[in-house]
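Chemist: Sharing a structure with you now.
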Amino acid sequence: MSKRPITVRAAAALEALEGAGAIGFGVYTGVETATGAAVDEASAIGVTVLALAGGLGMLACARGLLRADQWSRAPTVLTQLFALPIAWSLWQSERPAIAIPMGVVAVLALIAVLSPPSTAWLLEDDDDTEPGDDREDGQAVEAAPKPTPKAVEPAPRPSEPRSLGQRLKDRLKEQPTKD
C-alpha cells in the first residue's frame, strides 16, 4: 500500500476534532441534565445520547481513514454535509463563535477527504498488492488465492492504476455466467 497522503491525515484529524467536540457537547449536556439545569429533560437525554454516539462514530471514521478502510469515506463525507447546515443554523442563531469554526472545519474536511490523493489512496484496489507487501503499520499483507475460470486467462495488469469504474467493469467480466 502506498504512503498515506497528507490530505487523508488532515481529513482524519478534522473528523477526530469534530468527534471530540461532539463527545464534549454530549458530556456537557449530560452533566447539565443530571444537575437538573436542563429545560426539557427528555430532549436533553436524547441529545446527550446522540452526541455521544455521533462523536464515537466520528472518531471511528477518523481511525478508519488512517487505516485506509474504504467504509470510512462515506460517513466522513456525510458528517461534514450534516455539519454545514448545523453551522448555518448556529450562524442564524447569532452564535458565530461556534458557527464559523464548525463551518470552516466541515469545508476543509470535505476538501481533504474528496481530494484526488485521498480518493486514490482510500479506493486503492487490494488486488494490486502483492503477497508480502508491508502496510504502514508494519503488518504483512497476504493476498488470498482467487479462483479463476479455467477457460479465461487473467488479463495482464496495467502499469497505471485502474479507475474505480474500470475495476468494476473488470470484476463484472470475471463473474461466471449462467449457461
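Chemist: How much net charge surrounds ILE111 when only other residues with a Cβ under 14 Å from its Cβ are counted (Lys, Arg +1; Asp, Glu -1)?
Modeler: That sum, taken over residues with Cβ under 14 Å, equals +1.
Chemist: Largest first, please: the extent of the C-alpha atoms of the range 6-122 along each principal axis, to the nearest Å.
Modeler: So the extents along the principal axes, rounded to whole Å, are 49, 28, 16.
Chemist: If you take the charge dipole of the range 6-122 about its Cα centre, with +1 on Lys and Arg Cβ and -1 on Asp and Glu Cβ, which of LEU108, LEU78, ALA120 is farthest toward its positive end?
Modeler: ALA120
Chemist: Using θ = phi - 60° and the Karplus relation 6.51 cos²θ - 1.76 cosθ + 1.60, list the HN-Hα couplings for the range 105-121 in order, rounded to whole Hz, with x at every Gly or Pro.
Modeler: Couplings: 4, 5, 5, 5, 5, 4, 4, 5, 6, 9, 5, x, x, 5, 4, 4, 6 Hz.
Chemist: Enumerate the calculated ³J(HN,Hα) couplings along the range 170-176 in order (Karplus 6.51 cos²θ - 1.76 cosθ + 1.60, θ = phi - 60°), each rounded to whole Hz, writing x wherever the residue is Gly or Pro.
Modeler: 4, 5, 5, 5, 6, 5, x
Chemist: Okay, moving on. What is the dipole size for the range 6-122, taken about its Cα centre, with +1 at each Lys and Arg Cβ and -1 at each Asp and Glu Cβ, in debye to the nearest 20?
Modeler: Roughly 480 debye, rounded to the nearest 20.
Read the figures in this text as sums done on the coordinates, not as results from a lab. Keep in mind that this is a model prediction, so the values were computed, not measured. Cβ coordinates were reconstructed from backbone atoms using ideal geometry, including for glycine residues, and neighbour counts include every protein chain displayed.
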